[in-house]
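Note sheet for the following structure.
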Amino acid sequence: MILQLFTMFFKIGLFTFGGGYGMISIVKDECVDKRNWVENEEFVNLIAIAESTPGPLAVNMATYVGYKKAKLAGAIVATIGVVAPSVIIIYLIANYLNDFLKYEIVANAFRGIRIAVSVIVIRTGYNLIKNELKDSDKKPVVIVLFLIYTLVFLSIEIFKINISSIYFILSALLLGVIFSLVRYRNDIH
Amino acid sequence: MIYIKLIIDFFIVGLLSFGGSYASIPLIKDVASNYELISEDMLMNFIAISESTPGPIAVNLASFIGTNVGGILGAILVTLAEILPAFLIILIFTIFFKNKLENEKMSYGLSIIRPCVVGIITSVGLFMLFTVMTSSENRGHSNIVILVLIIAAIYIYQKMAKKKLSAIKIIILGAIFGIAINYLL
């Protein structure tokens, strides 16, 4: 079982391109449909927790499935399995990147890739906020928070103001707690 | 000694990276700027590669910085430090909460946190674009041409195929346009 967990999650790590959402369907194929290790509803709940806790989705899912099948040893093995391909591939690339970039054709390709990646990230932000606004009962709050965080964070980066990004994440968490408390109190009265 | 500092730094990054890998990019950038081995330009290349190789972007970036600072041992230690918070949190959830995972109060708080995190993600993208557009390699505004071509390709594909152009295809297009523009302009 331990070995099976490792090879399966190693495979998932190896074939997951472009982050979390693509890998959701691969994990579902392997763990829900093919092997019946996790039930459908359990899997939906798992996505919800994975999205609301820190860390990559792939790691969260590996830890959960690994623990379910083989307790702590399973969780450790599955988690290491899912990140092992990343470590190996990136280690190899990192050692040769500087040599590669000396070729003009590679440097030019990278210039295009960097523009492409920034477009992808902006598109992700746009899609996420569109999703957030759908069926929201507090659209103005969502839009104002989104705009404030986008503009303030962007100006800090552009003008190279020395404030750690950590404070931005912490302030967002704090806002979440404050809003919850206020609403909870209103419900009581 | 540098290992211990790097491990602590990346443990904190892992602990605070709510909202997926893109949200952790600014945190990782902060850490990288403390190590003089990695220039901002190099980090941009790392992000581009992390996006186009398998595995979560945050994990790939951790491996990159780990390798640069301390070879294979650095890569392994930094990556483990980065994923340790996620590992522990899910472990605790699984052991103690069983299936009582839905909590109304928590989900309300999260609906406030999410727009803020999405704002940070969007500004990361905008700043990356700003950096490429204002960089010295931008000969004859060729970067603007590349940008327009990429956006046009995304738009046309979506109109014709009725589905989104995948990230990996956009990256391949970016590489092709980047090479081609050099011969055309």
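Data table
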{"item": "Positive dipole terminus of segment B:31-185, leading residue within B:Phe127, B:Ala32, B:Val78 (C-beta point charges)", "result": "B:Phe127"}
{"item": "Per-residue average of Cβ from other chains inside 10 Å of B:164-171", "result": "5"}
{"item": "Histogram of C-alpha separations across segment A:81-189, 10 Å bin width, %", "result": "10, 23, 29, 23, 10, 3, 1"}
{"item": "Residues A:Tyr184 and A:Glu41, FRET efficiency given R0 of 25 Å [Cβ-Cβ distance, rounded to 0.05]", "result": "0.35"}
{"item": "Rel. contact order, % - alpha carbon contacts under 8 angstrom, at least six apart, segment A:27-160", "result": "9"}
{"item": "Label-point gap, in nm, between B:Val145 and A:Tyr126 - each point 7 angstrom along Cα→Cβ", "result": "2.3"}
{"item": "Under 5 Å, built H, 5+ apart or other chain: amide partners of B:Ser17", "result": "A:Gly55"}
{"item": "Protection-proxy order for peptides A:49-57, B:161-169, each taking the mean of Cβ atoms within 10 Å per residue, highest first", "result": "A:49-57, B:161-169"}
{"item": "Solvent-accessible ranking of A:Val44, B:Val145, A:Val119, largest area first, probe 1.4 Å", "result": "A:Val44, B:Val145, A:Val119"}
{"item": "Hull volume in cubic angstrom per residue (convex hull over the Cα atoms of chain B)", "result": "161"}
{"item": "Radius of gyration and maximum dimension Dmax of the protein assembly as shown, Cα, Å", "result": "20.6, 70"}
{"item": "Long-range Cα-Cα pairs in chain A (distance over 23 Å), rounded percent", "result": "61"}
{"item": "Apportionment of accessible area to carbon and sulfur, segment A:2-100, percent (1.4 Å)", "result": "63"}
{"item": "Rounded to whole Hz, the Karplus (6.51, -1.76, 1.60) HN-Hα couplings of segment B:158-172, x for glycine and proline", "result": "5, 5, 7, 8, 6, 8, 6, 6, 5, 4, 5, 5, 4, 5, 4"}
{"item": "Per-residue average of Cβ from other chains inside 10 Å of A:124-134", "result": "5"}
{"item": "Relative contact order %, segment B:2-135, counting alpha carbon pairs below 8 Å whose residues are six or more apart", "result": "30"}
{"item": "Exposed-loop-free span, longest in chain B, where GluC sites (Glu not before Pro) count as exposed if DSSP calls them loop and at most 12 other C-beta atoms lie within 10 Å", "result": "B:103-185"}
{"item": "Sum of -39500 (n - 2.57) over DSSP H runs of 4+, divided by residues of the protein assembly as shown (222 nm, nearest 500)", "result": "-28000 deg cm²/dmol"}
{"item": "Whole-angstrom Cα spans of segment B:5-87 along principal axes, big to small", "result": "29, 25, 22"}
{"item": "Efficiency of FRET from Cβ geometry, B:Asp41 and B:Leu88, R₀ 35 Å, rounded to 0.05", "result": "0.50"}
{"item": "Cβ-Cβ FRET estimate between A:Leu133 and B:Ile2, R0 fixed at 41 Å, reported to 0.05", "result": "0.40"}
{"item": "Per-residue average of Cβ from other chains inside 10 Å of A:146-155", "result": "6"}
{"item": "Solvent accessible area, Å² - A:Phe146, 1.4 Å probe, full protein context", "result": "30"}
{"item": "Chains B and A, summed buried accessible surface - 1.4 Å probe, Å², nearest 100", "result": "8800"}
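The values are calculated or read from the model by the stated rules, or taken from the named source; none is laboratory data. Keep in mind that this is a model prediction, so the values were computed, not measured. Here the Cβ is made from the backbone with ideal geometry for all residues, glycine too, and neighbour counts use every protein chain on show. These area figures cover heavy atoms from the full protein model, side chains too; ligands, DNA and RNA do not enter into them. Shrake-Rupley method; radii C 1.70, N 1.55, O 1.52, S 1.80 Å.
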